[in-house]
Amino acid sequence: MDCIFCKIISGAIPSKPVYQDDRAFAFADISPQAPTHLLIVPREHIKSLDEANDKQELVGHLMSVAADLARKNGLAKGYRVVVNTGGHGGQTVDHLHVHLLGGRAMTWPPG
């Protein structure tokens with residue numbers, strides 16, 4: 001597979017892992033947009049949220065991991081969880097992933 005996130009999960013590409021279990025893998029974003037910017041990805045290759053219709057439990061697990069990582073990273077003042085989908089949605093890697101951003105005030109609208 002030519003997916004960069006699949007290669008990160010397998011260890012073929014180095015990363016800074018912050019969490020892993022049998023369903024999810026989380027690591028620091030290499031181009032952080034906030035003091036804390038982590039990516040939470042399913043181990044299973046799913047192209048985008050559009051292809052996760054029958055994966056509600058897995059998507060819920062990714063969100064729970066994001067909340068747990070927010071607590072562990074001291075983001076009690078607040079944080080943002082983002083799932084970009086498709087080119088117009090800002091998705092640049094075709095593997096479902098959740099961005100956890102925090103450590104500074106977030107503005108709105110984001111884009």
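Coordinate-derived values only; no laboratory data. The structure presented is a predicted model; accordingly, all values stated were derived computationally and were not measured. So basically every Cβ, Gly included, is an ideal-geometry build from the backbone, and we count neighbours across all protein chains shown.
I need the shape label for the range 49-111. Rule: rounded when a/c is under 1.5, else prolate if a/b > b/c, else oblate, with a, b, c from the alpha carbon gyration tensor. List each step's numbers first, then the result.
Values: a/c = 2.70, a/b = 1.29, b/c = 2.10.
It is oblate, given that a/c is not under 1.5 and a/b is not larger than b/c.
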Rg ratio (alpha-carbon, reference 2.2 N^0.38 Å) - the chain: 1.02
Sequence-separation-based contact order of the chain, relative, with Cα cut under 8 Å and 6+ spacing, percent: 29 percent
Sequence of 95, 37, 88 once ranked by neighbouring C-beta atoms within 10 Å, starting from the fewest: 88, 37, 95
Expected 222 nm ellipticity per residue - DSSP helices of 4 or more, -39500 (n - 2.57), all of the chain, to 500: -6500 deg cm²/dmol
Summed side-chain charge close to residue 48 - residues other than residue 48 whose Cβ falls under 15 Å, Lys, Arg +1, Asp, Glu -1: -3
Amide proton proximity set for residue 18, modelled H, under 5 Å, gap of 5+: 26, 27, 28
The range 27-50 versus the range 63-88: alpha-carbon centroid distance in Å: 10 Å
